[in-house]
Amino acid sequence: MRSVPDHQAAVAALFPAPEAVRVPTATALGLVTVDDVDAPISLPGFDNSAMDGYAVRAAEVAGASAERPVALPVAHDIPAGRTDRLTLAPGTAHRIMTGAPLPDGADAVVPVELTDGSVTTVSITAAVEPGKHIRRAGSDITRGEQALPAGITIGPPQIGLLAALGIAEVLVARRLRVVVLSTGSELVTAGTELEYGQIYESNGAMLTAAVTAAGAMARHLHFVPDDVDDFLARLDEVADDADLIITSGGVSAGAYEVVKDALSRNPSVEFVKVAMQPGMPQGCGRIPTPSGGSIPIITLPGNPVSALVSFEVFIRPPLRAAMGMPPHRPRLTARLGADVRSPNGKRQFLRGVLRTGEDGLVIDPIGPPASHHLRYLAAADALIDIPADVVELAVGDGVDVLALDD
Ligand code: AMP
Ligand code: MG
């Protein structure tokens, strides 16, 4: 049997290096910058008002108070968006709104609350210091300064900054396109009445969600029956428009193992037993594309828990790495909340729920080890990673934990 690290290495070797592409800023959520991004303009681009109020010369209102207001004629009205350049004549005020350009000659803004709000002659009831309520050009970022470093994950605030800088496209590591294909003649779609012996297809939706959560672009192909020709035809249809194909089912030791039957003649695909539970039968390799290239394929076992655990252990880390993304799954150490047993010679990934105990993090194992218990998978927020040579652990023993926190 192959060890988990050896199969992780075999799978990881199938992934390409991150590829730089330019994408519209609005679609860059979750992608990683491959270059520093410098500001092409300053922000703010011009001195502007931080308040709704009146642009003044501070010295002219220095003596203003509620008892002795200063009256100034309002020479202009400057809403946000006014694009002509104004000058504040001495002895006058301009009514100005938040974000509107400050007129030349003005050095402060009196908030409307400290005035009578007039549009003809404004009565100002308080002094303002020079520079008050003005957002200076370049005070956020100056043209030429670094806006974002290379290697940063683009989230909503980064998209906001790029958009504010007028950067319509950004250079990022390309999002990989992953096709998810389930196999099994017992599978039917939700909404169809189940006949005896049939089950609703679940791996496809689950793995599609896992791919999306990992930051890649998933295409859910639903499923094919256990028919080699159907299966191969489906691969052919999609292979030219994908960077990776993930299948589930049809790789164990029985008969009607469609994935194994279809691909075992391909010397570039290997089917192996990995010393782990769940998820022992695994396959990976490259398949030819109709246009003459080849793409990686990773064939996961069909049991739902095996399929998702295998995705977490083998696919998610290199998939993210191939998009320049950090692994993002925190590896923690926790104390067991209950005794566990584990088969000798197999690395076990048990489902668990994390909690904070009296002296640190505790993980409570949940559900039996068998790999059809989706219910416990859905209730878990972590996998307990038990080394292959460990057969027994007691309450309070320290274990490695993979937090599943998205
Ligand atoms: P297989 O690996 O094809 O032998 O399937 C192992 C177990 O997983 C069987 O009980 C299948 O019915 C089940 N299974 C396989 N594929 C799926 C799927 N896409 N959705 C739900 N269960 C599945
Ligand atoms: Mg099957």
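The values are calculated or read from the model by the stated rules, or taken from the named source; none is laboratory data. Keep in mind that what you see is a predicted model, and the values were worked out from it rather than measured. FYI the Cβ positions are ideal-geometry reconstructions off the backbone, even for glycines, and counts take in every protein chain you see. Calculation scope for accessible area: heavy atoms of the full protein, side chains included, ligands and nucleic acids excluded. Shrake-Rupley method; radii C 1.70, N 1.55, O 1.52, S 1.80 Å.
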Provide a single number: the residues in the range 60-81 that are surrounded by fewer than 15 Cβ atoms within 10 Å (Cβ to Cβ) and in contact with a strand residue (DSSP E or B) (Cβ under 9 Å, 6 or more places away or on another chain). 7
Return yes when Lys346 is in contact with a Phe, Trp or Tyr (Cβ under 9 Å, 6 or more places away or on another chain), open to solvent by 10 Å² or more (accessible area, probe 1.4 Å) and more than 30 Å from Ala173 (Cα to Cα) and no when it is not. no
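Taking the condition part of a loop (DSSP other than H, G, I, E, B) and more than 20 Å from the chain's Cα centre (by Cα), does Pro40 pass?
Numbers: part of a loop (DSSP other than H, G, I, E, B): yes; more than 20 Å from the chain's Cα centre (by Cα): yes.
So Pro40 fits the description; yes.
Would you tally the residues in the range 160-178 being under 30 Å from Val109 (Cβ atoms) and in contact with a helix residue (DSSP H, G or I) (Cβ under 8 Å, 6 or more places away or on another chain)? Walk me through it before giving the result.
Here is the first cut: in the range 160-178, the ones under 30 Å from Val109 (Cβ atoms) are 160-167.
Now restrict to residues that are in contact with a helix residue (DSSP H, G or I) (Cβ under 8 Å, 6 or more places away or on another chain): 162-163, 167.
Qualifying residue count, the range 160-178: 3.
Do the conditions hold for Leu354, that is, is it part of a strand (DSSP E or B), over 18 Å from Met276 (Cβ atoms), touching a residue at least 40 places away in the same chain (Cβ under 8 Å) and open to solvent by 50 Å² or more (accessible area, probe 1.4 Å)? Show your work before the answer.
Details: part of a strand (DSSP E or B): yes; over 18 Å from Met276 (Cβ atoms): yes; touching a residue at least 40 places away in the same chain (Cβ under 8 Å): yes; open to solvent by 50 Å² or more (accessible area, probe 1.4 Å): no.
So Leu354 fails the test.
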Inside the range 83-100, can you point out the residues that are out of contact with any Leu (no Cβ under 8 Å at 6 or more places or on another chain) and assigned to a strand (DSSP E or B)? Thr87, Arg95
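Which members of the range 103-113 meet the condition of being open to solvent by 20 Å² or more (accessible area, probe 1.4 Å) and under 14 Å from Ala58 (Cα atoms)?
Filtering the range 103-113 for residues open to solvent by 20 Å² or more (accessible area, probe 1.4 Å) gives 104-105, 107, 112-113.
Asp104, Gly105, Asp107, listed by residue number.
How about the range 374-393: which of its residues are in contact with a helix residue (DSSP H, G or I) (Cβ under 7 Å, 6 or more places away or on another chain) and either without any contact (Cβ under 8 Å) to a residue 24 or more places away in the chain or open to solvent by less than 50 Å² (accessible area, probe 1.4 Å) (or both)?
As a first pass, look at the range 374-393 and keep what is in contact with a helix residue (DSSP H, G or I) (Cβ under 7 Å, 6 or more places away or on another chain): 374, 377, 383.
Hits for the range 374-393 are Leu377, Leu383.
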What are the residues in the range 357-406 that are in contact with a Pro (Cβ under 7 Å, 6 or more places away or on another chain), in a strand (DSSP E or B) and closer than 26 Å to Gly249 by Cβ, if any? Ile384
Among the candidates Ala80, Ala64, Ala75, residue that is more than 30 Å from Gly283 (Cα to Cα), of a type in the set (Gly, Ala, Ser) and not in a loop (DSSP other than H, G, I, E, B): Ala75
Can you tell me how many residues within the range 264-297 are within 14 Å of ligand 1 (Cβ to nearest atom) and either of a type in the set (Ser, Thr, Tyr) or within 20 Å of Gly204 (Cβ to Cβ) (or both)? 5
Just to confirm my filter: which strands (runs of 3 or more DSSP E) fall fully inside the range 106-209 and include at least 3 residues that are closer than 30 Å to Asp38 by Cα, in contact (Cβ under 8 Å) with a residue 12 or more places away in the chain and not β-branched (Val, Ile, Thr)? 146-148, 169-173
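Picking from Thr208, Thr212, which residue would you name as being among the hydroxyl-bearing types (Ser, Thr, Tyr), more than 10 Å from ligand 1 (Cβ to nearest atom), open to solvent by less than 30 Å² (accessible area, probe 1.4 Å) and within 26 Å of Val23 (Cα to Cα)?
Numbers: Thr212 fails: open to solvent by less than 30 Å² (accessible area, probe 1.4 Å).
Checking each option against the conditions leaves just Thr208.
Looking only at residues in the range 1-37 that are open to solvent by 40 Å² or more (accessible area, probe 1.4 Å) and in a strand (DSSP E or B), which one is nearest to Leu319 (Cα to Cα)? Before you say what the answer is, go through the steps one by one.
Applying the first criterion (open to solvent by 40 Å² or more (accessible area, probe 1.4 Å)) to the range 1-37 yields 1-3, 5-6, 8-9, 12-13, 16-20, 22, 24, 26-27, 29, 34-36.
Filter once more, keeping what is in a strand (DSSP E or B): 2, 20, 22, 24.
Details: Arg2: 21, Ala20: 15, Arg22: 20, Pro24: 22 Å.
Selected residue: Ala20.
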Check Glu186 against each of (1) within 8 Å of ligand 1 (Cβ to nearest atom); (2) open to solvent by less than 60 Å² (accessible area, probe 1.4 Å); (3) of a type in the set (Asp, Glu) and name the one condition it does not meet. (2)
When you go through Thr208, Thr189 one by one, which is the residue that is more than 11 Å from ligand 2 (Cβ to nearest atom), under 30 Å from Gln348 (Cα atoms), under 32 Å from the mean Cα position of the chain (by Cα) and among the polar types (S, T, N, Q)? Thr208
Under the condition of being free of Cβ contacts under 8 Å to residues at least 60 places away in the same chain and in contact with an Asp or Glu (Cβ under 6 Å, 6 or more places away or on another chain), which residue from the range 215-250 is nearest to ligand 1 (Cβ to nearest atom)? Phe223
